[in-house]
Structures are given as C-alpha cells and as structure tokens.
Amino acid sequence: MKQLAVASKRQLADVVVKNGKIVNVFTHEIIQADIAIADGKIVGIGAYDGHTIIDAQGKYVCPGLIDGHVHIESSMVTPSEFSRVVVPHGVTTVITDPHEIANVAGTEGIEFMLNDSEHIPLDVYVMLPSCVPATAFEHAGATLHAEHLAPFLSHPRVLGLAEVMDYPALLHGQQQMLDKLTITLQAGKLIDGHLAGLNETAINVYRSAMVHTDHECVTVSEALERIRRGMYVLIREGSVAKDLNKLLPAVNTYNARRFLFCTDDKHIDELVTEGSIDHHIRLAIQAGMEPITAIQMATLNAAECYRLYTKGAIAPGYDADFLFVEDLQSFSITHVYKNGILVAENGKARFSVDKAAHIEKTITHSVYAKNVTHADLQIPFTRGNTANVIQIIPNHLHTKRLVTQVEVENDVFQPSVERDLLKLVVVERHRGLGVGVGIVNGFQLKKGAIASSIAHDSHNITATGTNDDDIIVAIEQIKNINGGLVVVENGRVLADLPLEIGGLMTAKSYEEVLERLQTIHDALMTIGASNEFNPFITLAFLALPVIPELKLTDQGLFDVSSFQFIDVEA
C-alpha cells in the first residue's frame with residue numbers, strides 16, 4: 001500500500017511540507033517537523049522527502065477548520081458557491097442542516113444541496129431536517145416523515161438527524177418524531193438538539209433520546225448544564241445570534257473538549273468581511289482564550305463530536321486539510337490546502353465551481369402567495385387600545401413580549417413611526433393560504449416597507465412597514481421575482497435581490513450578490529433603517545415559533561412560552 005510505503009520512507013511522498021510549525025491539537029504543543037502526504041492523506045510527521053516540496057516559510061500549520069452547524073441557505077448562495085467564500089477563511093469541512101430548502105421543497109431540496117456540494121474542495125456533511133415543518137403552528141412547503149428521510153441515511157455524507165426543535169413532540173412521545181429518532185439510531189447515526197430556553201428536565205429528556213448537541217445556549221449556566229449531562233455545546237456566532245463572548249466563560253481546562261464552534265446562520269457579506277470559524281478563533285483569542293485551545297475547538301473537537309475521525313488534526317491517518325497562519329494571536333491565514341492541494345491563497349479561492357446544470361422547477365418556482373388586500377392587513381381592536389407587541393432585541397433571535405397602548409382609529413391599529421410601532425405581516429407562500437398580522441417594535445423604519453421570502457423555518461413571505469400600501473407593493477414584488485429581498489418607498493421598489501432557488505438562494509456568484517446587497521443597504525438607509533443591526537436578518541426570525549418569547553406565523557401571533565396563539569389585542 002502506497003501510504004504505508006511512504007510512511008516507512010520506502011517511497012517518496014507525493015507532497016512534503018517543510019519549515020512549518022505544526023499546531024498539535026492533541027498535546028497543545030508546537031512541533032517543528034516535516035509533514036508527508038500521500039493520496040491526499042497525512043502519512044508521516046518527521047523528516048521526509050517527496051516529489052513536491054511546499055515551503056511553509058516558518059508559518060504555523062493548523063488543521064482545516066470545521067463549522068459544526070450551518071444552514072448554507074442563509075448565505076443566499078448555493079453550496080458550491082458557498083465554498084468559494086468559506087474555504088479562503090480556512091474552513092475545509094462543514095456540517096449543514098438543509099432544513100431551509102427542505103421546508104420549501106422537501107426531499108427535492110435536500111437532493112439539490114447534496115448534488116450541488118459534490119466535487120468541490122469543501123467537505124459538506126448533512127444532518128437531515130428533523131422538523132419540517134418546524135411546528136404545527138405554521139404552514140411550510142413540505143412535510144417530511146421518517147419514511148421520507150430514511151433513504152438519505154445511506155448517503156456517505158449524511159451523518160444523522162438535525163436539530164430536534166419540536167420539544168413538545170419529543171416530550172410527549174409523538175410517534176412521527178419517535179420514528180425519526182429510531183431510524184437514525186438504528187442506522188448508527190447522530191442526533192442534534194435545539195434546546196432554546198429549555199430547563200434541566202428538558203435536557204434530561206433530550207439526552208434520554210440520545211440527542212448529543214445543542215447550539216442554542218445563550219448563558220454560561222445553560223452551557224454548563226448541558227455539558228454536565230454529556231452534551232456537546234456548539235458556541236454560535238452568526239449574523240443575528242452572537243453568543244460567543246457570553247459563553248466563553250463556561251469553557252475551562254477541564255471541559256474545553258466538549259465545546260466547538262458554529263455559525264448557524266450567517267449572511268454572505270459578513271462571511272466575506274468577517275470570516276467564518278476563523279472569526280470565532282480570533283474573537284476567542286481576543287477574549288483571553290489560549291490560541292491552541294481555540295484552534296482545538298474549531299478542529300479536533302468538532303471532528304470528534306461528529307465522528308469525523310480523519311479530520312481535525314495534523315497527524316498520520318488524517319486528511320491533508322491544513323492552513324498556513326502567520327501568527328496565532330491574529331490568526332491570519334495565508335494559504336489553505338485541501339487533500340494536500342492549494343485551494344486558497346491570501347483570502348482568494350484558487351478554484352472555480354460549476355453552476356448547477358438543472359434545478360427542478362418546484363425549487364425555482366416556489367412563491368404561490370395569495371393577492372394581499374388592505375382588508376387582510378387590518379388589526380381590529382374591540383375593547384380598547386392595549387396590544388401584545390413583538391419587541392425585537394437587536395442581534396438576537398429572542399424577542400420580548402411588550403404589552404403597551406397603541407394608536408387605534410376606527411377600531412383598527414395604526415402604525416406609529418414616532419413610537420416605532422409598525423405592522424408585521426406573514427403571508428403563506430406555498431399554497432396561497434392565510435395571512436398573519438401583528439405589531440412589532442424596534443425596526444426604527446421612518447417610511448416605506450421591507451419584505452422577504454426568507455422567514456425561518458417555513459419561509460413564508462414576511463414584511464414590515466410604516467403603511468399598508470408599501471407593504472402590499474413589497475409583497476407583490478416578492479412574488480414577481482420568485483422570492484428574495486425587497487425595499488419599497490412610496491409605492492416604488494427602491495432595491496431588490498432575487499433569490500430564485502426556493503426563495504432562499506441564487507445561482508449568481510457571491511460577488512454579484514454582494515453588489516445587490518449594497519443596493520439593498522443603501523435603500524434601507526433611505527427609509528431610515530438602523531445601522532446597529534440588519535433588518536432583513538432580524539425579520540427572517542420573527543416567524544420562528546420555537547424561540548421565545550413572541551413570534552408571528554401565517555396563522556397568527558404565537559406565544560412561545562405557553563406554546564399557543566394569542567390575540568394581538570391584550
């Protein structure tokens with residue numbers, strides 16, 4: 001066998017990396033030695049000769065980074081195009097949950113994500129969506145039961161069942177949920193959790209169901225309770241949920257091996273400018289974490305959590321996925337290698353990707369919303385003017401329930417720019433069903449409206465604005481472009497970004513997407529949006545009825561704490 005022959009020095013290596021300082025994530029040491037590579041695998045650490053010599057020029061050699069939980073759809077580009085963005089940031093492996101596209105297109109959406117991520121220099125592993133729809137309190141474009149997921153479990157890149165977020169179904173032993181857990185465990189696969197705001201009893205329930213991760217911790221105490229019960233905790237730093245600095249105090253010398261990093265949901269512009277898991281490492285080091293511990297969390301911990309036993313380290317038997325880093329404090333990446341081949345240099349991809357040759361029409365034509373009228377948008381008040389209002393928390397997934405007086409004329413709610421009380425609308429867009437209407441505080445818009453077909457997790461059309469006319473125009477434009485983002489002022493579309501793949505992604509290059517996002521940003525400034533947070537990212541999570549406290553679905557205003565619908569009028 002060639003690899004054994006190279007390891008024993010009976011044969012020259014394909015590639016040898018010399019003059020590098022190896023970051024050893026097993027022992028927290030820096031080792032100066034050659035790295036011998038054969039057939040894309042590391043086969044030796046020591047003194048080796050090879051057909052090709054790579055001079056690391058004294059740089060640190062780190063394992064390729066692993067994102068433990070990401071929804072690629074949130075980048076708004078396809079998996080293949082996504083690789084062009086994250087690989088230059090040192091990410092060589094991701095574990096993705098395609099539940100965004102699955103909520104729109106079912107199994108065809110999962111198949112698209114698997115097919116589009118073939119033959120790229122990024123290992124894309126999949127956890128199958130466990131909750132499509134996420135709950136029974138909204139309408140999605142598909143319903144996936146165990147029999148729909150089972151055929152995927154034999155795919156070599158499918159690792160298990162993704163975030164189980166329907167806690168009531170798990171708690172009460174709902175048969176469809178138990179069936180999904182059963183087929184996953186019988187296949188020897190893993191199960192991810194989603195324990196947002198849940199107590200110790202819930203952790204016990206999840207662990208008893210063999211759920212072994214959670215990425216929804218927002219406090220140190222939450223993280224520690226999960227670690228104590230044998231879970232892995234994924235520390236999240238995305239576009240909305242930025243939990244890293246809050247959770248780092250939970251990590252210590254004794255428990256660090258139970259923590260890893262994830263982005264969950266991150267927009268393309270922030271991936272380009274900030275980075276991906278490399279950003280986590282830099283933030284952790286800046287907060288005082290020892291650099292090799294941060295690197296270990298981003299590599300070996302993630303690999304072992306997901307049983308990727310040939311990833312996450314620079315050692316014999318491991319894939320030759322590695323980075324050159326100028327210095328560990330700034331974690332400045334200069335080169336990225338995948339299977340021993342240079343794939344990125346100085347922040348630029350050294351590879352191209354093929355565009356999807358064929359995408360099913362059910363995916364590219366996914367917006368079937370009803371024609372929304374002014375009557376659909378009325379919020380009646382019969383007893384006074386006190387309302388249950390969704391209060392957003394900038395850069396957080398959680399919201400607050402605000403009970404306050406609102407302006408009412410002729411027994412219907414009137415938006416107030418002065419008090420920042422705007423109308424929020426969710427339009428079912430898969431079968432032309434209903435419209436949910438509520439009141440939101442915190443967007444700070446001064447005029448106009450915005451709308452989006454990205455609304456976790458069912459991805460109905462979500463809109464907010466200062467007046468009904470602009471809200472209706474924005475919703476209609478979403479339909480016209482087959483999904484995407486829209487900004488409207490005085491009945492005129494100021495900017496839009498078409499997302500023709502499920503209303504979530506586009507086949508365009510990430511560079512083109514960045515250009516359109518700039519026009520979106522300029523339009524947002526025109527209507528008075530805040531610079532402190534991204535209104536579209538915040539809007540995308542206001543229809544997710546599994547994260548506290550108050551959310552709006554196409555069926556109405558939902559109190560997550562009591563898991564029931566409530567009236568807008570308090």
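The values are calculated or read from the model by the stated rules, or taken from the named source; none is laboratory data. Predicted model, so just to flag it, every value in this text is computed and none were measured. Heads up, the Cβs are rebuilt from the backbone with ideal geometry, glycines too, and the neighbour counts pull from every protein chain shown.
Specify which of the listed residues (PHE259, PHE324) is in contact with a His (Cβ under 6 Å, 6 or more places away or on another chain) and assigned by TED's automatic domain parsing to the domain that holds VAL124.
Sole residue among the options that is in contact with a His (Cβ under 6 Å, 6 or more places away or on another chain) and assigned by TED's automatic domain parsing to the domain that holds VAL124: PHE324.
Under the condition of being crowded, with 24+ Cβ neighbours inside 10 Å and not small (Gly, Ala, Ser), which residue from the range 478-502 is nearest to ASP554 (Cα to Cα)?
Per the criteria, the residue is ILE478.
Identify all residues within the range 159-190 that are within 17 Å of GLY230 (Cβ to Cβ) and in contact with a Lys or Arg (Cβ under 9 Å, 6 or more places away or on another chain); write none if there are none.
Across the range 159-190, the qualifying residues are GLY160, VAL164, LEU190.
Output the residues belonging to the range 466-477 that are surrounded by 24 or more Cβ atoms within 10 Å (Cβ to Cβ) and over 21 Å from GLY432 (Cβ atoms).
Listed by number, the list holds a single entry, ASP470.
So is GLY465 within 26 Å of ARG84 (Cα to Cα) and out of contact with any Phe, Trp or Tyr (no Cβ under 7 Å at 6 or more places or on another chain) or not?
Criteria not met by GLY465.
Determine if the range 202-219 includes at least one residue that is assigned by TED's automatic domain parsing to the domain that holds HIS279, within 24 Å of ASP265 (Cβ to Cβ) and either loosely packed, with under 15 Cβ neighbours inside 10 Å or among the aromatic types (Phe, Trp, Tyr) (or both).
Looking for residues that are assigned by TED's automatic domain parsing to the domain that holds HIS279, within 24 Å of ASP265 (Cβ to Cβ) and either loosely packed, with under 15 Cβ neighbours inside 10 Å or among the aromatic types (Phe, Trp, Tyr) (or both), one finds at least one in the range 202-219, hence yes.
Determine whether ILE120 is touching a Pro at 6+ places or on another chain (Cβ under 9 Å) and part of a loop (DSSP other than H, G, I, E, B).
yes
Yes/no matrix, rows are residues, columns are (1) within 17 Å of GLU73 (Cα to Cα); (2) of a type in the set (Lys, Arg); (3) touching a residue at least 40 places away in the same chain (Cβ under 8 Å):
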{"residue": "PRO133", "(1), (2), (3)": "yes, no, yes"}
{"residue": "GLU138", "(1), (2), (3)": "no, no, yes"}
{"residue": "HIS145", "(1), (2), (3)": "no, no, no"}
{"residue": "ALA150", "(1), (2), (3)": "no, no, no"}
{"residue": "ALA162", "(1), (2), (3)": "yes, no, yes"}
{"residue": "ASP166", "(1), (2), (3)": "no, no, yes"}
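Being out of contact with any Lys or Arg (no Cβ under 8 Å at 6 or more places or on another chain), over 15 Å from MET297 (Cβ atoms) and assigned to a loop (DSSP other than H, G, I, E, B) is true for just one of VAL240, VAL205. Which residue is that? Break it down stepwise before answering.
On the way: VAL205 fails: assigned to a loop (DSSP other than H, G, I, E, B).
When all the criteria are applied, what remains is VAL240.
Which members of the range 514-560 meet the condition of being part of a loop (DSSP other than H, G, I, E, B), surrounded by 22 or more Cβ atoms within 10 Å (Cβ to Cβ) and polar (S, T, N, Q)?
ASN534 - this is the single residue of the range 514-560 that is part of a loop (DSSP other than H, G, I, E, B), surrounded by 22 or more Cβ atoms within 10 Å (Cβ to Cβ) and polar (S, T, N, Q).
For the range 296-329: of the residues being part of a loop (DSSP other than H, G, I, E, B) and β-branched (Val, Ile, Thr), which is surrounded by the fewest Cβ atoms within 10 Å (Cβ to Cβ)? Show your work before the answer.
Step one: filter the range 296-329 for residues part of a loop (DSSP other than H, G, I, E, B), giving 299, 306-318, 320-321, 326-329.
Adding the requirement that they be β-branched (Val, Ile, Thr) leaves 299, 310, 314.
Values: THR299: 31, THR310: 14, ILE314: 26.
Checking each candidate, the answer is THR310.
Residue by residue through the range 438-450, note down the ones that are surrounded by fewer than 24 Cβ atoms within 10 Å (Cβ to Cβ) and assigned to a strand (DSSP E or B).
Passing the criteria: only ASN441.
Quick check, is VAL343 within 25 Å of MET113 (Cα to Cα), part of a loop (DSSP other than H, G, I, E, B), touching a helix residue (DSSP H, G or I) at 6+ places or on another chain (Cβ under 9 Å) and at pLDDT 95 or above?
no
Looking for something over 26 Å from ALA140 (Cβ atoms), buried (at least 23 other Cβ atoms within 10 Å of the Cβ), more than 20 Å from the chain's Cα centre (by Cα) and at pLDDT 95 or above - is there at least one such residue anywhere in the range 451-465?
Looking through the range 451-465, none of the residues is over 26 Å from ALA140 (Cβ atoms), buried (at least 23 other Cβ atoms within 10 Å of the Cβ), more than 20 Å from the chain's Cα centre (by Cα) and at pLDDT 95 or above.
Kindly indicate which of ASN395, ASN388 is part of a loop (DSSP other than H, G, I, E, B) and of a type in the set (S, T, N, Q).
Numbers: ASN388 fails: part of a loop (DSSP other than H, G, I, E, B).
None of the other options fit; the residue is ASN395.
Is at least one residue of the range 515-526 within 19 Å of the chain's Cα centre (by Cα) and farther than 26 Å from VAL435 by Cβ?
At the first step, the residues of the range 515-526 found to be within 19 Å of the chain's Cα centre (by Cα) are 517.
Restricting the remaining residues to those that are farther than 26 Å from VAL435 by Cβ gives 517.
The answer is yes, given that some residue of the range 515-526 is within 19 Å of the chain's Cα centre (by Cα) and farther than 26 Å from VAL435 by Cβ.
How many of the residues in the range 372-390 are surrounded by fewer than 17 Cβ atoms within 10 Å (Cβ to Cβ) and in contact (Cβ under 8 Å) with a residue 60 or more places away in the chain? First the steps, then the outcome.
Quick first cut of the range 372-390, residues surrounded by fewer than 17 Cβ atoms within 10 Å (Cβ to Cβ) only: 373-375, 378, 380, 382-386.
Within this subset, residues satisfying the condition of being in contact (Cβ under 8 Å) with a residue 60 or more places away in the chain are 373-374, 380, 382-384, 386.
The total comes to 7.
Give me the strands (runs of 3 or more DSSP E) completely within the range 1-110, filtered to those with at least 3 residues that are under 31 Å from the mean Cα position of the chain (by Cα), ordered by residue number.
Hits in the range 1-110: 21-24, 60-63, 65-70, 91-96.
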